[in-house]
1. Fewest first, what order do 34, 52 take by the number of other Cβ atoms within 10 Å?
2. Give me 185, 107 ranked fewest to most by other Cβ atoms within 10 Å of their Cβ, as a rough exposure proxy.
3. Between residue 70 and residue 55, what length comes free when the chain is fully extended (0.36 nm per residue of separation minus the Cα-Cα distance, one decimal in nm)?
4. Nearest 0.05, what FRET efficiency do residue 213 and residue 33 give at R0 = 45 Å with Cβ-Cβ as r?
5. Could you check which residue among 207, 139, 174 shows the biggest mean-square fluctuation in a GNM of the chain with a 10 Å Cα cutoff?
6. With viscosity set to 1.002 mPa s and temperature to 20 °C, compute the Stokes-Einstein D of the stretch 123-231, Rh being the Kirkwood radius across alpha carbon pairs; µm²/s, no decimals.
7. Angle check, please: helix 38-47 long axis (alpha carbons) against the longest principal axis of the chain (alpha carbons), in degrees 0 to 90, nearest 10.
8. In whole Å, what is the distance between the alpha-carbon centres of the stretch 1-51 and the stretch 151-168?
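Where a number appears in this text, it was derived from the coordinates with a stated rule and is not lab data. Given the structure is predicted, the values throughout are model-derived calculations rather than measurements. Neighbour counts are summed over all protein chains in view; Cβ atoms, including those assigned to glycine, are modelled from backbone coordinates with ideal geometry.
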């Protein structure tokens with residue numbers, strides 16, 4: 001999820017400096033089981049209009065070699081050596097400066113100032129990361145029938161999730177565990193503001209809120225698996 005937020009800035013850098021010899025490669029260390037499936041990865045690449053070559057780092061040997069334990073991460077290689085690295089989102093202007101320096105070109109750059117990016121942490125819904133086995137009730141309140149699995153929260157009947165967003169844009173990573181797409185209705189003050197249909201695993205936009213600090217309620221049926229929720 002954080003990587004997708006970072007990609008819009010990396011795409012701009014890649015497009016600006018490709019003609020000068022910059023090659024961009026995505027290294028994908030799976031966070032969830034569904035991310036180990038190459039068909040799912042290829043689908044996500046098409047869905048998000050990503051044209052870079054990619055490498056599936058299923059056992060994380062590549063990122064361990066570069067001492068990366070958190071992603072997204074930016075690593076600039078020159079002559080087989082890492083000449084710049086940053087762990088996490090942000091510092092895109094610094095990355096661009098390093099690229100310009102090592103390509104030996106003269107340009108003002110595409111970023112006049114550091115691009116804005118979301119600094120809100122994701123909320124993980126499964127036991128695997130939430131070691132307490134409970135939802136973070138300060139941010140998410142579950143109603144109806146749900147079961148918390150290792151990686152996701154699964155609706156086992158009609159259910160709802162009431163969320164206190166930290167931003168205006170609300171997204172989640174989810175998939176349908178049934179044989180057909182599942183409808184998710186987003187409501188504010190009992191009024192529907194958006195309807196999404198979740199099928200393949202991936203990032204879905206839930207809603208764009210007009211006002212800040214509006215609680216949003218998601219209503220769904222049986223078979224929805226929610227891995228995480230993020231805000232922008």
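1. Going from sparsest to densest Cβ surroundings: 52, 34.
2. In order of increasing Cβ crowding within 10 Å: 107, 185.
3. Details: separation 15, 0.36 × 15 = 5.40 nm, distance 1.69 nm.
Here the answer is 3.7 nm.
4. That pair, residue 213 with residue 33, gives E of 0.80.
5. Largest GNM mean-square fluctuation: 139.
6. Rounded to a whole number, D works out at 157 µm²/s.
7. 80 degrees
8. Spelled out, the Cα-based centre of one part sits 27 Å from the other.
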